[in-house]
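Heads up: the structure comes next, in structure tokens.
The values are calculated or read from the model by the stated rules, or taken from the named source; none is laboratory data. Owing to the predicted nature of the structure, the values given are computational and were not obtained by experimental measurement. Virtual Cβ from ideal backbone geometry, glycine too; neighbours counted across all protein chains shown. Note: accessible area is taken over every heavy atom of the protein model, side chains too, but ligands, DNA and RNA are not part of it. Shrake-Rupley method; radii C 1.70, N 1.55, O 1.52, S 1.80 Å.
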Amino acid sequence: MKRVFLCILFFFTQRFCPAFGQSEVSFFILSGQPNADLLARAYFMPVAKSINSNLNRGWLFGGEALTPGRVEVGVTLTTAFVPPDQKSFDVTAIGLEATTQLAAGYGSQTPTALGAHTLGPQLNVTTTLPGSGEEAVIATYPMPEGVGVPLIPLPSLQLNLGLMKGTELRTRLLPSIKFRSDGTNYATAMWGIGVTHRLHQSFVRYLPFSVTAGLTYARQRVQGNFERVGSWHQVLNGQEVVRTEQQKDPSHYDDQKLQLRAESLILECILSKEVRAFTFFSGLRYSIGRTYVETLGIYPQIAVRPTDEDPYYELYFKDVKNPIKVAIPYYPLALQAGVSCRLSAFTLGLSGTYATYTSLSAALSVSF
């Protein structure tokens, strides 16, 4: 069980987390707000919804409730699949202000974070020059590539405790893990807590199947350091960008991070029927989820100011702190179905969920 958990975690960290180290993502900041927020929202939309989908899945697998004082410990794996139309987006269709434009010669489609492993089109950042009133390009950057894998697996440890009258306390944990890969530091952690109750013991005892309801709250955080982007060096008409002595110090732009914080409140109800060692179940789940995409740290942004000498303007770096913070909501109503099999003290459960982001869940547990 430990080896399975570590292999899944390795897949998650090696295939998904490297997207956090891409300096191209931090280039959104060159476009200023609200363009940077619009680009970050569109690029990370499938990541945000996939993480929330994983938080919602795999909490219930039907069957008899644990008796008071009994404990069940296991490993749960949930994987959300990104719909085909969420693997890319049109940069000209997300409401960008005119100061950020698609560069000539490029198509408007670009990968999302879980899209193709290829760079997107070039974007030009423009401004009106003081004095002449001329519209000029002051920065050009490529849209970042995706990781090339349209799914995010979430392994976690789960512990269930039997309480009184068909009630269980359920907890789930992905311990805080920090690691380093390709010169970038990463960290991720998740926890959740919930309660389930077998309703048929209370007021629907004459039904030929069991009815179980659950209420759960879960959170996850994923964080990665950017490659340092303080060395951006743009030239307009042969003019260098003015930097202060502090901005010339590489350490001034240390601790630049991208962070995703997801939280979800889940309400679900399933109907289950036991047939020998198997329990078949199906039901509904509704969740209220939100994921925050944030850039932490200090970043240089190119700006223009007037001067008294020809060409009567200069480019300079304007430092901005924590420039991007967008909230991506996700409120799916999902259908779920699955089967669990109990062999002595061990239980294996498999389930699928049909929603905008379809997912599969598997759990292996042992009870004491």
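Annotations for the structure displayed:
- Dipole of region 217-368 [Lys/Arg +1, Asp/Glu -1 at C-beta], most positive-end residue of Val293, Pro250, Phe368: Phe368
- For the chain, the longest principal axis of the C-alpha atoms and the axis of helix 35-56 are separated by about 10°.
- Local charge for Thr128 was computed over the other residues whose Cβ lies under 10 Å away, with Lys and Arg +1 and Asp and Glu -1, and equals -2.
- A simple spin-label model places the labels of Leu199 and Arg290 2.8 nm from each other, with each point 7 Å out along Cα-to-Cβ.
- Net charge dipole size for region 51-108 [Lys, Arg +1 and Asp, Glu -1 on Cβ; Debye, nearest 20]: 180 debye
- Cα-Cα over 31 Å, subset of Lys178/Lys325; Lys87/Lys248; Lys49/Lys248; Lys87/Lys318; Lys178/Lys273; Lys49/Lys178: Lys87/Lys248; Lys49/Lys248; Lys87/Lys318; Lys178/Lys273
- A Cβ-based charge dipole, computed about the Cα centre of the chain with Lys and Arg at +1 and Asp and Glu at -1, lands at about 2540 debye.
- Rounded to 0.05, the FRET efficiency of the Thr358 and Ile298 pair, given R0 = 35 Å and the Cβ-Cβ distance, is 0.30.
- Carbon + sulfur, % of accessible area of the chain - ligands and nucleic acids excluded, 1.4 Å: 59 percent
- Max mean-square fluctuation residue, GNM over the chain, Cα-Cα springs under 10 Å, options Ala48, Ala36, Ala345: Ala345
- Length gained when the stretch Glu134-Ser282 is fully extended (0.36 nm per residue, less Cα-Cα span): 46.9 nm
- Net charge dipole, region 67-172: roughly 800 debye, given to the nearest 20, about the Cα centre with Cβ charges of +1 for Lys and Arg and -1 for Asp and Glu.
- Spin-label pair Arg70-Thr126: with each label point 7 Å from Cα along the Cα-Cβ axis, the two points sit 7.0 nm from one another.
- For the chain, built as a Gaussian network whose Cα springs stay under 10 Å, the top-fluctuating residue of Ser53, Ser340, Ser251: Ser251
- Modelled FRET efficiency - R0 51 Å, Leu119 with Val275, Cβ distances, 0.05 increments: 0.45
- Per-residue HN-Hα couplings for region 270-283 [Karplus 6.51, -1.76, 1.60; θ = phi - 60°; Hz; x = Gly/Pro]: 10, 10, 9, 9, 8, 10, 6, 8, 9, 10, 9, 8, 7, x
- You can think of it this way: the chain between Lys325 and His252 has 24.2 nm of extra reach, that is 0.36 nm per residue less the Cα-Cα gap.
- Working note: Karplus 6.51/-1.76/1.60 with θ = phi - 60° gives region 259-264 the couplings 10, 10, 10, 10, 9, 8 Hz, where Gly and Pro are set to x.
- Rounded to 10°, Cα long-axis angle of helix 2-15 versus longest principal axis of the chain: 20 degrees
- Comparing Val125, Tyr106, Ile266 along the charge dipole axis of the chain, the residue lying farthest to the positive side is Ile266, per the Cβ-charge model.
- Efficiency of FRET from Cβ geometry, Leu343 and Arg219, R₀ 22 Å, rounded to 0.05: 0.10
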